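See structure below.
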Amino acid sequence: MTAMVKRLVPDGLWELFQRAVPAAPVRPQGGGRRRYGDRQVLAAIVFVATTGCTWRQLPPGFGPSGPTAHRHFTEWSQARVWGKLHRLVLDELGARGGLDWSRCAIDSVNMRALKGGPDGPESRRSRQEGIEDPPDHGADRSALSIGISAANTHDSQGLEPMVRGIPPIRSRRGPRRRRPAKLHGDKGYDFDWLRTWLRSRSITPRIARRGIESSQRLGRHRWTVERTVAWLSGCHRLHRRYERKAEHFLAFAGIAAALICYRRLTA
């Protein structure tokens, strides 16, 4: 096991990944080439996600080639491994009391889709949206829910899917939780029907009001989601959408969210 593999996939992350990944397929007739270790392949995928290099630019030190790593990435994306890994990391954080459910924040960001896509009139752009927990005293953040959509989708259309997408997460005491007490959002979510829907789910809306609140300030609590968006951009594969398939771009977003949350476990 090379030092780079251990650095990209620490022991703790590897243990969580083993709980999320399905069993390797077995050839009923036997034979074939020996399969590379999943940890080596995972390290190669994390390297591509964080550096933004192409699959064919993958250094040979990992073992698996670029096409091999891409094949595993496709298989694991179809099996929703990255979402499961993200949820397992959130469970560990929640069990340690590392999540603050008193308030969360939601926001979105646009990026170019270089190869286009069937996203309507603005198919050359893609949109990423997410919800995170922002504890009052400002240390690290955790992305609770993340998704992608066409760039011509209004912010208000993404709030319900993002809130519904928060998985039931373990708590230090009591049952699992999936609803924050308050949700902060900018003026793109300033609609009465959204406030009514949030209150019906026992979530207090804290949404900026158009024509009343200044656009020059992000708010006391809402600014933290902007920083998390910047941390997601630290995954260079998210700077531009190179993937033709939306599920592959969502997979890279899930990898970035899982890595951000895992850093809190080892902080």
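The values are calculated or read from the model by the stated rules, or taken from the named source; none is laboratory data. All of these numbers come straight from a predicted model, not from anything done at the bench. FYI the Cβ positions are ideal-geometry reconstructions off the backbone, even for glycines, and counts take in every protein chain you see. Areas reflect the complete protein model, heavy atoms only, side chains present, ligands, DNA and RNA absent. Shrake-Rupley method; radii C 1.70, N 1.55, O 1.52, S 1.80 Å.
Full extension of the segment from A267 to S214, taken as 0.36 nm per residue of separation minus the current Cα-Cα distance, would add 15.5 nm. Modelled label positions at A3 and R172, each set 7 Å beyond Cα in the direction of Cβ, lie 3.8 nm from each other. A probe of 1.4 angstrom, applied to the heavy atoms of all protein chains, finds E160 with accessible area near 50 square angstrom. Look at where the Cα atoms of the range 195-267 and of the range 55-104 average out, and the two centres are 18 Å apart.
Going by the alpha-carbon gyration tensor, a ≥ b ≥ c the square roots of its eigenvalues, is the range 147-267 rounded (a/c under 1.5) or, if a/c is not under 1.5, prolate (a/b greater than b/c) versus oblate? It comes out oblate by the Cα gyration axes.
The slack in the chain from E160 to Q78, taken as 0.36 nm per residue of separation less the alpha-carbon distance, amounts to 27.1 nm.
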